[in-house]
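Novice: What follows is a single structure, and I will ask about it in a moment.
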Amino acid sequence: LLQKGGREVVVVALAPPDKVGEDALAMWKLAEEAGVPVAGFPALRDFPARPGDVIVDAILGTGLTRPASGAFAEAIEAIALLRERGARVLAVDLPSGLSADTGRPLGPVVQADRTVTFAYRKLGLALQPRENRRHSPLDAGIEIVALELRGHHVADDAARAGVGQRAL
């Protein structure tokens, strides 16, 4: 959508296509079909960030259980430098490197200016220590019918009741 709106867009892949998961590969193909270039890590590292630029953090997801390492940690560090140069950072679901369960950093963490959550607010965003909060999450309004929670099938209304609304 941004590309169609005349914005300059680049997707940065941290691994080659034969080393990414099925979902990532599908998104890669969609980007290419839309005419969005897919580049390697140097495109992120060397990006001449300035105020008005937006970096979208979709590096790691809610299943993260250990600190980011390798190319993922390098990308988190590169995003921090771009943010220092004036770019703003939008995290998808939760900032990469943050535990979705506890809200605590598992290692290097993206410092997002805004987080857009999908399906439901992540518990880790509500539990994140106040001194680490730099933003309030924005719910994208995408509803879910059911979810898997620690191996148990939970209906949407039960999940909401269990998590409830929390002041962020």
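The values are calculated or read from the model by the stated rules, or taken from the named source; none is laboratory data. Every value quoted in this text rests on a predicted model; they were computed, and no experiment measured them. We work out accessible area using only protein heavy atoms, side chains counted, and drop any ligands, DNA or RNA first. Shrake-Rupley method; radii C 1.70, N 1.55, O 1.52, S 1.80 Å.
Novice: Remind me, what semi-axes does segment 44-123 give for its equivalent ellipsoid, largest first in whole Å, using sqrt of 5 times each Cα gyration tensor eigenvalue? Intermediate results must be reported in sequence, preceding the final value.
Specialist: Working: eigenvalues 89, 44, 15 Å².
Square roots of five times the eigenvalues give 21, 15, 9 Å.
Novice: Taking all pairs of distinct Cα atoms, average 1/r, flip it, and tell me the Kirkwood hydrodynamic radius of segment 1-54 in Å to one decimal place. All intermediate terms of the calculation are to be shown ahead of the outcome.
Specialist: Working: mean 1/r = 0.0821 Å⁻¹.
This gives a value of 12.2 Å.
Novice: Using 0.36 nm per residue, how much length does the chain from F41 to A15 gain when fully extended, once their Cα-Cα distance is taken away? The partial results should precede the final answer.
Specialist: Values: separation 26, 0.36 × 26 = 9.36 nm, distance 0.86 nm.
Gain in length upon complete extension: 8.5 nm.
Novice: Further question on the same structure: Taking K19 as the anchor, which lysines have their alpha carbon closer than 18 Å to its alpha carbon, excluding any fewer than eight residues away along the same chain?
Specialist: Within reach: K29.
Novice: Then there is this: Between A126 and E77, what is 0.36 nm times their sequence separation minus the Cα-Cα distance? Round to one decimal in nm. The partial results should precede the final answer.
Specialist: Numbers: separation 49, 0.36 × 49 = 17.64 nm, distance 2.44 nm.
The A126-E77 span can extend by a further 15.2 nm.
Novice: Let me check something: with ligands and nucleic acids excluded, how do L1, L25 order by accessible area (1.4 Å probe), largest to smallest? It would help to have the intermediate numbers written out before the result.
Specialist: Working: L1 185, L25 50 Å².
Largest accessible area first, the residues go L1, L25.
Novice: Here is a follow-up. Beyond 21 Å, what percent of the Cα pairs of segment 1-101 remain? Before the final figure, lay out the partial values.
Specialist: Working: 1735 of 5050 pairs.
Result: 34 percent of Cα pairs exceed 21 Å.
Novice: Test of understanding: what is the full-extension gain from R85 to A26, defined as 0.36 nm times their sequence separation minus their Cα-Cα distance? Mind showing how you got there, number by number?
Specialist: Working: separation 59, 0.36 × 59 = 21.24 nm, distance 3.18 nm.
Between R85 and A26, full extension yields an extra 18.1 nm.
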